[in-house]
């Protein structure tokens, strides 16, 4: 096992002319040899910046891949910045949290999203415009060195060095800066390769943003280390273009969030996914209609998985040969998963629900500059996911929801996720929902369903009552034109909850 960038160099030297990156946005095809040369060119440019951390804010593209490689090869740590919402504020938050200045971004991106320039930003367009013939010749000569000499000429590093800083979603509290090491990613990549039987011949659709751990591992490091071809596209929400890309590039492996897969199902045509042999959904619960829709329309089985930013990320995933509908699959072989009692912290037997804890080389080094929170979440090598779940007799893991998405009503723990899952099945396809708890000083906790269109509340509640106890039913339905979303496509629960609280506060004030 070696550092990620050194393994990329080995793969690039071995595969040479094979296509490493297909950039569908810019219509570029870059071989492993050219990717290595481009990354080496960027190393010299990036080393001019004194920061040990370098912010990166570039949509999925050849540019984002090469810039990230260049930062790591330069011996610096990339800090990935979420540009999907509040880009400028996220950039400044990252700078203040990690104590750095330089952020590599794109003028085209800032113009597209209407983001102001933040102090310390440098533009990839300017960096590339400043590349001279001498820069290209020097990097090309370095890339042609015999592998042992080439490896000695680049930054080495240690397995336990940080490979990236990623931020948690912030859907429940302020984002935390997660330190993921080369060892973390290498362990998780090996576990995924063995579990899913990924091949060097695979063509992976790389649409998940690199500021999200799911994308940073499975869409970036995994293909470039394994020797696959990564097909990038900057906008995963352009559903028609993504479906066209899958068809034309003969994608064999798709990884995405349920929100994205839902859009692809709606915009796809027969034959679009005929080349796909693995389609993995993660980052949120996969609704039943997605499984049925892809099976009926494309004869494609969606494989649901589970992970966390702090675990690099994959913990478990269903496979074509080992699958249980509704579960999140069996854990990877090179990690341990246990279910622990909420009150006693004792390990629970199969069939009992409790808190999911994980141990293995995939678990993060810790939260940057936050020893207290790190100590709360990692004890004795075990990472507390904050999720509720169960292991069955056959070793399949079942996710029951975030512990923070449980609410105590009448002395009982009620799962907001379960309420939400039942509600989803009863809503029209074009209506989204998010179920939250809103504190009430008079009546205590109340369950509220935020929906994106008016619904027949009485009819829905009657149907929900057939599957849920009365205490788990929403006490009101509130219409929001659009649910706030995280970069992964998940609903921003904290944002929805805050809006519901404001709404009820205004209502009480007017009474």
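Screening the candidates 196, 265, 208, 290 for the property of being touching a residue at least 12 places away in the same chain (Cβ under 8 Å), in contact with a helix residue (DSSP H, G or I) (Cβ under 6 Å, 6 or more places away or on another chain) and within 30 Å of residue 36 (Cβ to Cβ) yields one hit, 208.
Residues of region 243-262 that are assigned to a helix (DSSP H, G or I), at pLDDT 95 or above, out of contact with any helix residue (DSSP H, G or I) (no Cβ under 6 Å at 6 or more places or on another chain) and within 27 Å of residue 491 (Cα to Cα): 244, 245, 246.
Are any residues in region 27-49 in a loop (DSSP other than H, G, I, E, B) and farther than 25 Å from residue 200 by Cβ, and if so, which ones?
Correct list: 47, 48, 49.
Looking only at region 335-369, residues that are in contact with a helix residue (DSSP H, G or I) (Cβ under 7 Å, 6 or more places away or on another chain) and surrounded by fewer than 13 Cβ atoms within 10 Å (Cβ to Cβ) come to 0 in all. Residue 330 meets each of the listed conditions (1) over 21 Å from residue 160 (Cβ atoms); (2) surrounded by fewer than 16 Cβ atoms within 10 Å (Cβ to Cβ); (3) within 23 Å of the chain's Cα centre (by Cα) apart from (2).
Of the strands (runs of 3 or more DSSP E) lying entirely inside region 50-167, the ones with 1 or more residues being over 29 Å from residue 363 (Cβ atoms) are found at 103-105, 121-123.
Among residues that are surrounded by fewer than 24 Cβ atoms within 10 Å (Cβ to Cβ) and under 19 Å from residue 300 (Cβ atoms), residue 200 is not included.
For region 174-206, a residue qualifies if it is closer than 16 Å to residue 81 by Cα and modelled with pLDDT of 95 or more, and the qualifying residues are 177, 178, 179, 180. Would you check if there is a residue in region 130-150 being in contact with a strand residue (DSSP E or B) (Cβ under 6 Å, 6 or more places away or on another chain) and touching a residue at least 60 places away in the same chain (Cβ under 8 Å)? No, region 130-150 contains no residue that is in contact with a strand residue (DSSP E or B) (Cβ under 6 Å, 6 or more places away or on another chain) and touching a residue at least 60 places away in the same chain (Cβ under 8 Å).
Taking the conditions exactly as written (buried (at least 21 other Cβ atoms within 10 Å of the Cβ) and at pLDDT below 95), does residue 32 satisfy them or not?
no
Within the set 222, 205, the sole residue that is assigned to a helix (DSSP H, G or I) and under 17 Å from the mean Cα position of the chain (by Cα) turns out to be 222. Of all the residues that make up region 371-399, how many are surrounded by fewer than 16 Cβ atoms within 10 Å (Cβ to Cβ), over 21 Å from residue 169 (Cβ atoms) and touching a strand residue (DSSP E or B) at 6+ places or on another chain (Cβ under 7 Å)? Here the count works out to 3.
Okay, residues lined up against (1) assigned to a loop (DSSP other than H, G, I, E, B); (2) at pLDDT 90 or above; (3) surrounded by fewer than 16 Cβ atoms within 10 Å (Cβ to Cβ):
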| residue | (1), (2), (3) |
| --- | --- |
| 401 | no, no, no |
| 417 | no, no, no |
| 442 | yes, no, yes |
| 453 | yes, yes, yes |
| 466 | yes, yes, yes |
| 483 | yes, no, no |
| 489 | yes, no, no |
| 508 | no, no, yes |
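Among the residues of region 353-364, the ones that are at pLDDT 95 or above, assigned to a loop (DSSP other than H, G, I, E, B) and at negative phi come to 4 in all.
Listed here are the residues, each with its yes/no results for (1) within 30 Å of residue 165 (Cα to Cα); (2) at pLDDT 95 or above; (3) touching a strand residue (DSSP E or B) at 6+ places or on another chain (Cβ under 6 Å); (4) assigned to a strand (DSSP E or B).
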{"site": "326", "(1), (2), (3), (4)": "no, no, no, no"}
{"site": "339", "(1), (2), (3), (4)": "yes, yes, yes, yes"}
{"site": "349", "(1), (2), (3), (4)": "no, yes, no, no"}
{"site": "369", "(1), (2), (3), (4)": "yes, no, no, no"}
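Kindly evaluate residue 319 against the criterion of being surrounded by 24 or more Cβ atoms within 10 Å (Cβ to Cβ) and either at pLDDT 95 or above or touching a helix residue (DSSP H, G or I) at 6+ places or on another chain (Cβ under 7 Å) (or both). No; evaluated as a whole, the condition is false for this residue.
Of the set (1) crowded, with 24+ Cβ neighbours inside 10 Å; (2) in contact with a strand residue (DSSP E or B) (Cβ under 6 Å, 6 or more places away or on another chain), all apply to residue 222 but (2).
The values are calculated or read from the model by the stated rules, or taken from the named source; none is laboratory data. This one's a predicted model, so the numbers in the text were calculated from it and none came from an experiment. Using ideal geometry, Cβ is built from the backbone for each residue, glycine included, and neighbour counts are taken over all protein chains shown.
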